Amino acid sequence: MGEPSSDQPAAAEPSFEQALERLQAIVQELEQGELGLDKALARYEEGVKLLRRCHDALQKAERKIELLSGVDAEGRPISEPLDDASVPLEEKAQQRDRRRSPPRSVSSPPERSEPDDQ
């Protein structure tokens with residue numbers, strides 16, 4: 001009693017395409033303005049969750065593309081397994097920033113000139 005049916009598992013998440021399609025339907029419903037406040041808020045909340053899911057999926061795909069698009073000195077692709085769970089978020093952000101940022105030139109700070117004692 002109260003168990004989810006085997007036809008629709010509760011833990012199954014929609015694919016990117018399914019989430020995007022549902023998100024578009026929600027936007028259309030909200031733009032029509034025919035929903036009551038409670039239903040509109042429920043749809044909005046669902047839309048935000050779907051938007052986050054789509055955004056996360058796109059970020060994961062981008063990271064995978066960045067890993068796969070690396071090449072060695074002979075022009076051969078370098079690939080690393082994508083293991084998100086083993087790398088802390090801060091380290092992931094630093095790695096992504098290093099790949100996206102052009103190399104900075106290392107220069108020494110300008111020297112301070114001493115006032116002449118005259």
- Query: Looking at (1) at pLDDT below 75; (2) part of a helix (DSSP H, G or I), which is the only condition Glu80 fails?
  - Reply: (2)
- Message: All but one of (1) surrounded by 11 or more Cβ atoms within 10 Å (Cβ to Cβ); (2) modelled with pLDDT of 75 or more hold for Ile65; state the number of the condition that does not hold.
- Response: (1)
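The values are calculated or read from the model by the stated rules, or taken from the named source; none is laboratory data. As the structure is a computational prediction, the values presented were derived from the model and not from experiment. Quick reminder, even Gly has a Cβ in these numbers, built from the backbone with ideal geometry, and neighbours come from all protein chains shown.
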